[in-house]
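For reference, the structure discussed in these notes is given below.
What follows is calculated from the coordinates using simple rules that are stated; it is not laboratory data. The structure displayed is predicted, hence computed values, not measured ones. Every residue, glycine as well, gets a Cβ built from its backbone with ideal geometry; the counts of neighbours run over all protein chains shown.
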Amino acid sequence: MQMDIKNRVAIVAASSQGIGRAAAEAFAAEGCRVAMCARNPQTLRAAAEEIRRRHNAEVFEQNLDVTDPDAVHGFVDAVIAKFGGADICVTNAGGPPAKGFLAASLEEWHKAVDANFLSTVYFAREVIPQMQRKRWGRIITITSITTRQPVADLVLSNAVRAAVVGLVKSLANEFGKDGILVNNVAPGYTATDRLKELARSRSAALGKSEAEIFDAWAADAPLQRLGEPREVADAIVWLASERASYITGQTLLVDGGIYKGL
C-alpha cells in the first residue's frame, strides 16, 4: 500500500531507541525526511547514522530534553531551517517509573506531567502554525494501553497519559478545519527497555522471575506474544499517511487484543 508521504518532514521525539526509533526508521523507509531527538547524544547519533545508512535517508538529529520548552522550540526551528517545514510530529517520552500511589512522590508526579503531558503541548505549539500554513499536518502521540485500562504499579502513567487523550481530542476538534489530523497510538505490552523495567518491578513485588512475568503478559494477549516496536511504528506511519485521511481524534490500540473492553 502506498502511503503517499514521500519527502514529508517527520519529527519523532525520544527516537534513539524503542518505539520512537522504530517509528523514525519506518518514516525513513517511506522516503520521509526525518528529524530525531533524544536526551542521550551517543545513542541518538548511533540510531540516526544507522537509519541514514540503511535507508539512504535525510536525517537530522539533536539531543535535547523534551521537558524543556525552549529546547523544543529551538529543535523545531532547526528542523524547519533544514527541511523547510514540519509535516508530521510524533510526540513521545520515556514512561514514568513503576510505582503505586503512596510510593510515588510529588516530585515524580511533576516529572510525569512534564515528560508525558506537557512535552506534547510544547511540540504541538511549535508545529501547528507550520501545519496551518500548509493546510496539512499530522500529530501523533504515543501513550499506552493505560489510557484504556489502568495497569497495576503504573499509577503515574495511568493518570497522566489519560490527559494526553483529552488533549488529542481537543486539538483534533480545533484544528481539523486546517487540515491537521491528531491521533493517539496506545501500545500494549511491547518488547522495549520500558517493559523490562516494569518486569523488574513486578518480579520484586511478586517474588516471581522476570521470565515468568513476561510469559504471563504474553499469555494474556489473544495473540499469545508481546508486541514488537516495528508493529507500533507501522500503525504510526499509517495514521500519518494519506490512507488515514478521515481519521482524527482517535486512540488506536496496538496491543495484541489485551484490552478487553468493547
- request: Give the angle, between 0 and 90 degrees and rounded to the nearest 10, that separates the Cα long axis of helix 193-206 from the longest principal axis of the Cα atoms of the chain.
  value: 10
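Say the cut-off is 20 Å between C-alpha atoms; which of 6/134; 6/177; 82/134; 99/196; 99/208; 196/260 go over it?
Distance filter (> 20 Å) returns 6/177; 196/260.
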task: Please report, in debye to the nearest 20, how large the charge dipole of the chain is about its Cα centre when each Lys and Arg carries +1 at its beta carbon and each Asp and Glu carries -1 there.
output: 400
statement: A correct Karplus calculation of ³J(HN,Hα) over the range 102-117, with 6.51 cos²θ - 1.76 cosθ + 1.60, θ = phi - 60°, whole Hz and x for Gly and Pro, returns 6, 7, 7, 7, 5, 4, 5, 4, 4, 5, 5, 5, 4, 6, 9, 10
task: Return 128, 142 ranked ascending by Cβ neighbour count within 10 Å, so the fewest neighbours appear first.
output: 128, 142
- line: Over the range 96-253, the quotient of the Cα radius of gyration and 2.2 N^0.38 Å is 1.14
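Run the helix sum for the chain: -39,500 (n - 2.57) per DSSP H stretch of 4+ residues, divided by residue count, reported at 222 nm to the nearest 500 deg cm²/dmol.
Estimated from H runs of four or more residues: -15000 deg cm²/dmol.
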field: Choice from 43, 120, 248 showing the highest fluctuation, given a GNM over the chain with Cα pairs closer than 10 Å
entry: 43
query: So how do 44, 253 line up by other beta-carbon neighbours within 10 Å, fewest first?
result: 253, 44
query: Does the range 156-214 come out rounded, prolate or oblate, given a ≥ b ≥ c as the square roots of the eigenvalues of its C-alpha gyration tensor, rounded meaning a/c under 1.5 and, failing that, prolate meaning a/b above b/c?
result: prolate
Ratio of Rg to Rh over the range 30-122 (Cα coordinates, Kirkwood Rh, two decimals): 1.05
- request: Compute the long axis of helix 41-55 from its Cα atoms, compare it with the longest principal axis of the Cα atoms of the chain, and write down the angle in degrees, 0 to 90, nearest 10.
  value: 60
